[in-house]
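Student: Below are the structure tokens for one structure; questions will follow.
The values are calculated or read from the model by the stated rules, or taken from the named source; none is laboratory data. What you see is a predicted model; the values in this text were computed from it and never measured. Positions of Cβ are generated from backbone atoms using ideal geometry, with glycine treated the same way; all protein chains shown enter the neighbour counts.
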Amino acid sequence: AAVRKVEFLTGAVSMETLPERTLPEAMFVGRSNVGKSSLVNMVLARKFLAHTSKRPGKTQQFNYFLVNDDAQAAPAIKTNKRALRRRELGHSAEQAQAQRAATKALPASPPFYIVDSPGVGYAKVSRPVQDSWKQFMRDFLTSRESLRLLFHLVDGRHGPLADDEELSQIVAALSRSGQFMAEYVIVLTKMDKTSKGRAKPRVVQSTRDLLEKNGLQGVPIVSTSSETRLGRDDMWRILSRAIKS
Ligand code: GTP
Ligand code: MG
């Protein structure tokens, strides 16, 4: 039976610092504060794995999470690591226990990486740092062969903004020139805040329009909420398919 677990592996800041071992990868990208880290936690059924914040600009590296790997170090080391990480995060033993229990809910799959990334377009992060992230993102999208899936998160409360347009244009251009081969999926976030009236169809339509404008018809749009866990099954269906192919 598959071992169902997940652990933080490393935070990369350049192509050189990516993990050596290659596995299929699914990356989460999008504007600052859109809910990338929260969705990583929701998908992986861990409350405190990826660090989240009310304030934009929280995630500062390309964080690698190793999912469902059964070739692991000895249990003693794992326990120490866990205690260390717990101290780092200031978690109580109870919180850690809750997290372990939640992890058991993780679907079985072959091992793969989930990559959380810094938000695009956040003014308070210095220009040189933003530029370096952008460059890294571009390098990554064009040359990371093990990238199978790109989840582009869009805030479901208002739909795509200028930064989202830019990102989807980059993906479209790289796809056309054959430099981007991964599956591209739009994920609407915070849909628990979008339940009223016509907001949802309008947001889905404006997302469709943007995709069509960029020649990206047929790209899936998934509605999610990290609060209610809406879309978790959809995310896993897409993940399972992409990491097998
Ligand atoms: P950066 O790391 O700064 O780029 O942000 P991020 O995209 O990782 O966002 P993060 O997950 O840290 O969430 C930002 C804020 O949005 C936090 O206050 C979250 O609690 C909140 N949030 C995230 N997802 C949801 C959701 O589905 N519903 C609601 N209501 N709030 C959410
Ligand atoms: Mg984050």
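Student: Condition first: of a type in the set (A, V, I, L, M, F, W, C) and part of a loop (DSSP other than H, G, I, E, B). Now tell me which residues in the range 221-245 satisfy that.
Tutor: L230
Rundown of residues vs (1) within 16 Å of ligand 2 (Cβ to nearest atom); (2) under 15 Å from N214 (Cβ atoms); (3) among the polar types (S, T, N, Q), yes/no style:
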position	(1), (2), (3)
V120	yes, no, no
V129	yes, no, no
R148	no, no, no
T194	no, no, yes
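Student: Let me ask something else about it. Can you report the number of residues in the range 121-135 which are at pLDDT 85 or above and in contact with a Lys or Arg (Cβ under 6 Å, 6 or more places away or on another chain)?
Tutor: Qualifying residue count, the range 121-135: 0.
Student: Among what's in the range 212-229 and is over 20 Å from the mean Cα position of the chain (by Cα) and in contact (Cβ under 8 Å) with a residue 24 or more places away in the chain, pick the residue that is surrounded by the fewest Cβ atoms within 10 Å (Cβ to Cβ).
Tutor: Across the range 212-229, the extreme among qualifying residues is G215.
Student: Taking the options S175, S206, S168, S143, name whichever one is among the small types (G, A, S), on the phi < 0 side of the Ramachandran plot and touching a residue at least 60 places away in the same chain (Cβ under 8 Å).
Tutor: It is S143.
Student: Give me a count of the residues in the range 131-154 that are surrounded by 18 or more Cβ atoms within 10 Å (Cβ to Cβ) and outside any loop (DSSP other than H, G, I, E, B).
Tutor: Number satisfying all stated conditions: 13.
Student: Of all residues in the range 163-203, which are in a helix (DSSP H, G or I) and away from ligand 1 (no atom under 16 Å from the Cβ)?
Tutor: Correct list: E165, S168, Q169, I170, V171, A172, A173, L174, S175, R176, P201, R202.
Student: From (1) assigned to a loop (DSSP other than H, G, I, E, B); (2) of a type in the set (A, V, I, L, M, F, W, C); (3) near ligand 2 (Cβ under 9 Å from one of its atoms), pick out the condition that doesn't hold for A45.
Tutor: (3)
Student: Follow-up. Report whether or not S132 is touching a strand residue (DSSP E or B) at 6+ places or on another chain (Cβ under 8 Å) and among the hydroxyl-bearing types (S, T, Y).
Tutor: Considered against the rule, which asks whether it is touching a strand residue (DSSP E or B) at 6+ places or on another chain (Cβ under 8 Å) and among the hydroxyl-bearing types (S, T, Y), S132 comes out as no.
Student: Also, I was wondering about something else. It is to be established whether one or more residues within the range 72-86 are at pLDDT below 70, within 19 Å of S37 (Cβ to Cβ) and exposed (fewer than 15 other Cβ atoms within 10 Å of the Cβ).
Tutor: The answer is no; no qualifying residue exists.
Student: Need pairs with beta-carbon distance below 8 Å; first residue over 13 Å from S226 (Cα atoms) and within the range 42-53, second of a type in the set (A, V, I, L, M) and within 13 Å of ligand 2 (Cβ to nearest atom); sequence gap 6+ or separate chains.
Tutor: Matching pairs, first to second residue: L49/V40.
Student: Of the residues T17, T22, which single one is more than 15 Å from ligand 1 (Cβ to nearest atom) and either surrounded by 18 or more Cβ atoms within 10 Å (Cβ to Cβ) or under 16 Å from F112 (Cα atoms) (or both)?
Tutor: Just one listed residue meets the conditions, T22.
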